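*Asks:* To start, I am sharing the structure in question, which I have written as structure tokens.
The values are calculated or read from the model by the stated rules, or taken from the named source; none is laboratory data. Because the structure is a prediction, the values reported are computed rather than measured. Cβ placement follows ideal geometry from the backbone for every residue including glycine, while neighbour counts extend to all protein chains displayed. SASA here: full protein model, heavy atoms, side chains in, ligands and nucleic acids out. Shrake-Rupley method; radii C 1.70, N 1.55, O 1.52, S 1.80 Å.
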Amino acid sequence: MVTLTAPESLETAVTAEAPTVVDLSGSPVRSLNQALHNAADGQSWTVANPGGKHSLAVGINADVSVTIDGHAGYYAAGMHQKGTVTVNGNAGVGLAENIMSGSVHVKGDASQSAAATGHGGLVVIDGNAGARCGISMKGVDIVVGGNIGHMSAFMAQAGRLVVCGDAGDALGDSIYEARIYVKGTVASLGADCVEKPLREEHIAELAELLAAAGRTDNPADFKRYGSARNLYHFHVDNSTAY
Amino acid sequence: MCGIAALQLRNPSLHPKMGSLLSSMLCQIVDRGPDSAGLAVYNTPGLLSPGRSTLSLLGRDQGMTTAALTAGVAALLPSDAAAAVQVVGDTTLVGAAVGTDLLVKAVTETVPAATIIGRGEHVAVMKSVGHPMEIAAHHGLEAMAGSQGLSHTRMATESAVTAGGSHPFSVADDLCLVHNGSFSNHATVRRNLKREGVVFDSENDTEVGARYVASRLQQGDTLEEALVNLGNVLDGFYTLVVTTADSMAVVRDPIACKPAIIAETEDYVAMASEYRALAGLPGIDNARIFEPEPGKVYTWSL
């Protein structure tokens, strides 16, 4: 049944206690996203029966709280600008792609390219994330409770990636900047990514990120990785390579 | 893109629902490849029966009446083979109580132009060009029972949109392979297989994968070993599902560009390109859902 509230009646229909329920078993994703684009700060929304549909809750630009009650498909919470999106399930490819600020929290696993090109905000994945997590991240903070796949933080430019499990091959390949913290093992480091000392300020930063993600891991158990900055400049010894 | 939906039923009480479950999965992946489709069903009463081989021929029209085809095939087989022909949608199924080699010989002598798209005691393969849901309806998938099923919606990239180019490719008894992706060195592998005497039906890159797996299985590989070897020989981006008389396997290339998601319960194991194809399966809320690791071969047996 569709319980989608028409935008013009939102003010009377929505209260802080009662989230507006959008049941996607009988309502198109386009209506959900349009209603979320028309939403006002402080509203709460629940998406029922998401059924792995694509592009759920994309482009939110108000301080709303959206709960997706089930599994989301591709590009959930993409281009997220404000507010919070919580997925009570798994998320498909391209979760929170190009997130600008606000937060996105997945209680299950996320597929490939989570938080790709994110400029800001916080993305929390309680389970595992697939390959290329945080690819080309540009300022987003990502906290993954489980493992991440290969080529994560590829060409990362800014932001922080925290992994409480293990990381796959080629972590941080061709990384410019961004700080990576991994508690478990790293299968291999990519080009120009190196382990760096975990100093007091990093422990403090990590503690803050873990707390923001609702986690209780000990920051001292992590290792820090980042750019060796050898790829920043043209090196004459490599001239014959071009 | 291409879409894959595959289902292996562990609980025999679900067998009557195989077709309707597979059909509901297929309907969610049509967007991924609407140009053509293929279906494979295993141990489906009415189409297949134990002790009899069945050949799936492309097309409903083999250039002669069903009676003439039946008589032509029967005349070339022992008298107790009880050859039978039935047309299902755009597919002609020829069955007889003989081995597949003998049946293939009888069919190709009767209809030299026939394209055999499936063979074995346990599998029927159906393919066509057009909207995948119409193809499924035309073949009556919804009502089919069975132990396993496989479907593929194709977005052609490496060869033409023809029924023959649709997946699955079934090139050895009860073996089916479907593919999302492309093999970049299929021409080289094809040449090598041809040199070993393997004969090809199409220009499709997926057929190379299927012929390679069949060749490895013939040389004594297990299904898992054959797919590990495939990973060493065939280059490209792919997610593959391979089924045999009693097994199902999933493997992705080591870079894992092509999607795959698996749901496992006590009653079934299901694989699809996207979660939304699995969303309607019974007990999905309590299933173990995961994405297969890159380069790792997963197998399940009935």
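*Asks:* Considering only residues of the stretch B:254-269 that are closer than 19 Å to residue B:227 by Cβ and assigned to a strand (DSSP E or B), which is farthest from the other protein chains (Cβ to nearest Cβ)?
*Replies:* Once the filter is applied, the top-ranked residue is B:269.
*Asks:* Would you confirm whether any residue within the stretch B:92-113 is within 19 Å of residue B:19 (Cα to Cα), touching a residue at least 24 places away in the same chain (Cβ under 8 Å) and of a type outside the set (A, V, I, L, M, F, W, C)?
*Replies:* Yes: the stretch B:92-113 contains one or more residues that are within 19 Å of residue B:19 (Cα to Cα), touching a residue at least 24 places away in the same chain (Cβ under 8 Å) and of a type outside the set (A, V, I, L, M, F, W, C).
*Asks:* Here are some residues: A:96, A:158. Which one is away from chain B (no Cβ under 14 Å) and on the phi < 0 side of the Ramachandran plot?
*Replies:* A:158
*Asks:* Looking only at the stretch B:231-240, decide whether some residue is under 28 Å from residue B:215 (Cβ atoms), buried (at least 24 other Cβ atoms within 10 Å of the Cβ) and more than 14 Å from every other protein chain (Cβ to nearest Cβ).
*Replies:* Yes, the stretch B:231-240 contains at least one residue that is under 28 Å from residue B:215 (Cβ atoms), buried (at least 24 other Cβ atoms within 10 Å of the Cβ) and more than 14 Å from every other protein chain (Cβ to nearest Cβ).
*Asks:* From the list A:124, A:64, A:85, pick out the single residue that is open to solvent by less than 30 Å² (accessible area, probe 1.4 Å), in contact with a strand residue (DSSP E or B) (Cβ under 7 Å, 6 or more places away or on another chain), under 14 Å from residue A:161 (Cα atoms) and away from every other protein chain (no Cβ under 14 Å).
*Replies:* A:124
*Asks:* Taking the conditions exactly as written (surrounded by fewer than 23 Cβ atoms within 10 Å (Cβ to Cβ) and among the small types (Gly, Ala, Ser)), does residue B:118 satisfy them or not?
*Replies:* no
*Asks:* Where in the stretch A:90-199 are there strands (runs of 3 or more DSSP E), lying fully within it, with 1 or more residues that are touching an Asp or Glu at 6+ places or on another chain (Cβ under 6 Å) and at pLDDT 95 or above?
*Replies:* A:122-125, A:158-163
*Asks:* So, of the residues in the stretch B:270-302 that are among the basic types (Lys, Arg) and not in a loop (DSSP other than H, G, I, E, B), which turns out to be least open to solvent (accessible area, probe 1.4 Å)?
*Replies:* B:276
*Asks:* Being closer than 22 Å to residue B:170 by Cβ and either under 19 Å from the mean Cα position of the chain (by Cα) or away from chain A (no Cβ under 11 Å) (or both), is that true of even one residue in the stretch B:274-282?
*Replies:* Looking for residues that are closer than 22 Å to residue B:170 by Cβ and either under 19 Å from the mean Cα position of the chain (by Cα) or away from chain A (no Cβ under 11 Å) (or both), one finds at least one in the stretch B:274-282, hence yes.
Per-residue answers, yes or no, for (1) within 11 Å of the chain's Cα centre (by Cα); (2) within 14 Å of chain B (Cβ to nearest Cβ); (3) surrounded by fewer than 23 Cβ atoms within 10 Å (Cβ to Cβ):
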position	(1), (2), (3)
A:36	no, no, no
A:69	no, yes, yes
A:90	no, yes, no
A:113	yes, yes, no
A:118	yes, no, no
A:138	no, no, yes
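*Asks:* Here is a follow-up. For the stretch A:38-61, which positions are within 14 Å of chain B (Cβ to nearest Cβ), part of a loop (DSSP other than H, G, I, E, B) and either open to solvent by less than 10 Å² (accessible area, probe 1.4 Å) or under 24 Å from residue B:283 (Cα atoms) (or both)?
*Replies:* Within the stretch A:38-61, A:49, A:50, A:51, A:52, A:53, A:54, A:56 meet the criteria.
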